[in-house]
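The values are calculated or read from the model by the stated rules, or taken from the named source; none is laboratory data. Remember, it's a predicted structure, so these values are computed and weren't measured experimentally. Every residue, glycine as well, gets a Cβ built from its backbone with ideal geometry; the counts of neighbours run over all protein chains shown.
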Amino acid sequence: MKGKKKKSIHDGDWIVLQCARQIEELTAALEADRDLDEGIKDRLLVLVAAGIETYESCEGGPGHPYAEPTIRFFGERPEGFRALAAILQSEHRNSVRALHRMWQIIDGEPTGPDWEMVFYMPEAL
């Protein structure tokens, strides 16, 4: 096979480094762009690093819009399971309480569906 470059271990290392660099850049942009609740930030960054398109997050509890830590994200049917897999493979694997497919009612019409992942409160773990 003329002209075809043989893959080496160094090619794989380069790809891993590129992915790590992209995750670092994305994490920095996310933290700079949003005022993230400290109680949900680590789990949110796990999802963002996995390529999940989040749009809302809250650490939950008194004074917050959600009673429990919650992250909402866009995606088709498989996306919820991809997000769940990312969390289950992280240090937060025991913190997931529920995964919902949901439709919001906006101006009297169902909109969505989107995904919502709910976590146990830290003191419950």
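Only residues that are without any contact (Cβ under 8 Å) to a residue 40 or more places away in the chain and closer than 18 Å to Leu45 by Cα: list them for the stretch 98-125, please. Steps first, answer last, please.
Pass one, the stretch 98-125, residues without any contact (Cβ under 8 Å) to a residue 40 or more places away in the chain: 98-113, 123-125.
Hit for the stretch 98-125 is Leu99, nothing else.
Are there any pairs, at least 6 apart or on different chains, whose C-beta atoms fall under 6 Å, with the first in the stretch 70-86 and within 12 Å of Arg101 (Cα to Cα) and the second at pLDDT 95 or above and aromatic (Phe, Trp, Tyr), and if so, which?
Phe73/Trp115; Gly75/Trp115; Gly80/Trp115
Identify all residues within the stretch 102-125 that are exposed (fewer than 10 other Cβ atoms within 10 Å of the Cβ) and within 18 Å of Glu53 (Cα to Cα); write none if there are none. Steps first, answer last, please.
Taking the stretch 102-125 as the starting set, the residues that turn out to be exposed (fewer than 10 other Cβ atoms within 10 Å of the Cβ) are 105-109, 123-125.
Scanning the stretch 102-125 gives no hits.
Out of the stretch 87-97, which residues are in a helix (DSSP H, G or I) and in contact (Cβ under 8 Å) with a residue 12 or more places away in the chain? Break it down into steps so the answer makes sense when it comes.
So in the stretch 87-97, the residues in a helix (DSSP H, G or I) come out as 87-88.
Once the filter is applied, which keeps residues that are in a helix (DSSP H, G or I) and in contact (Cβ under 8 Å) with a residue 12 or more places away in the chain, the stretch 87-97 yields only Ile87.
Taking the conditions exactly as written (of a type in the set (Ser, Thr, Tyr) and modelled with pLDDT of 95 or more), does Thr54 satisfy them or not? If you could, list the steps in order and put the result at the bottom.
Values: of a type in the set (Ser, Thr, Tyr): yes; modelled with pLDDT of 95 or more: no.
Considered against the rule, which asks whether it is of a type in the set (Ser, Thr, Tyr) and modelled with pLDDT of 95 or more, Thr54 comes out as no.
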